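Inspection log for the structure reproduced underneath, given as structure tokens.
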Amino acid sequence: AQSVTQLGSHVSVSEGALVLLRCNYSSSVPPYLFWYVQYPNQGLQLLLKYTSAATLVKGINGFEAEFKKSETSFHLTKPSAHMSDAAEYFCAVSEGEYGNKLVFGAGTILRVKS
Amino acid sequence: DTAVSQTPKYLVTQMGNDKSIKCEQNLGHDTMYWYKQDSKKFLKIMFSYNNKELIINETVPNRFSPKSPDKAHLNLHINSLELGDSAVYFCASTTAGRIGSYGYTFGSGTRLTVV
């Protein structure tokens, strides 16, 4: 069965600093990986996804993530944090393209300091 | 607007009551889900329907009963509500066999508070 571990339940960065949110996965078949963002009192919005094409994936709002099979990782980065990036971020995995569900990590709350 | 819509957005009710949450999607998807997000924000899958057929039924108390009248609708009925049922319930949809490519589209959630 697939699983996701997000290291760090809270990450705090200064505005303009690099954002790095960590995600490691476990899957018995080639994984399909996702990052979602949840703003306060809202639903989850897709940021980006890895679907076995390019290992470096670009998403919305300047975020990107790199799939590293050897490290079973899919870390999310943004070169320069903006106040509007403050939210909770969830990493998720599907067990292959034809998996029947997404399994989510526990989430990482990103705080951006001015 | 194309979307996954849930009603109600907020629900406050007393212990022991029965309540329902409704979800509708107009994206043409054939697979829908209910997830529970607890106070620690952990998202746990509860149920999934594909074209009105139940395909995932996680370990959920039988006080929770999903119903899918058609592939565009998935409702959640909860009997004898308990304090521990307080959470945000999210509906999501996708196309069967394409989860890996597209992921889910989520509704905006229903915040259930049991007092």
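Side notes on the structure shown:
- Long-range neighbours under 6 Å by Cβ, at least six apart or interchain, first residue touching a residue at least 40 places away in the same chain (Cβ under 8 Å) within region B:26-37, second of a type in the set (A, V, I, L, M) and not in a strand (DSSP E or B): B:D30/B:A96; B:T31/B:A96
- Scan of region B:32-66 for residues that are at pLDDT below 90 and basic (K, R), ordered by number: B:K40, B:K41, B:K52
- B:K67 vs. criteria in a strand (DSSP E or B), of a type in the set (D, E, K, R) and closer than 22 Å to A:Y89 by Cα: no
Conditions tested, residue by residue: (1) under 22 Å from A:V37 (Cα atoms); (2) buried (at least 22 other Cβ atoms within 10 Å of the Cβ); (3) away from chain A (no Cβ under 14 Å).
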{"position": "B:K67", "(1), (2), (3)": "no, no, yes"}
{"position": "B:A72", "(1), (2), (3)": "no, no, yes"}
{"position": "B:F90", "(1), (2), (3)": "yes, yes, no"}
{"position": "B:T94", "(1), (2), (3)": "yes, yes, no"}
{"position": "B:R98", "(1), (2), (3)": "yes, no, no"}
{"position": "B:S108", "(1), (2), (3)": "yes, no, no"}
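- Of all the criteria given as (1) surrounded by 14 or more Cβ atoms within 10 Å (Cβ to Cβ); (2) more than 22 Å from B:I56 (Cα to Cα); (3) in contact (Cβ under 8 Å) with a residue 12 or more places away in the chain, the one not satisfied by A:E66 is (3).
- Subset of region B:75-88 that is open to solvent by less than 20 Å² (accessible area, probe 1.4 Å) and touching an Asp or Glu at 6+ places or on another chain (Cβ under 8 Å) - its residue that is farthest from the other protein chains (Cβ to nearest Cβ): B:L81
The values are calculated or read from the model by the stated rules, or taken from the named source; none is laboratory data. From a predicted model like this one, the values you see are computed outputs, not experimental measurements. Glycine also receives a Cβ, built like all others from the backbone with ideal geometry; neighbour counts cover every protein chain displayed. For accessibility, only protein heavy atoms count, side chains too; no ligands or nucleic acids. Shrake-Rupley method; radii C 1.70, N 1.55, O 1.52, S 1.80 Å.
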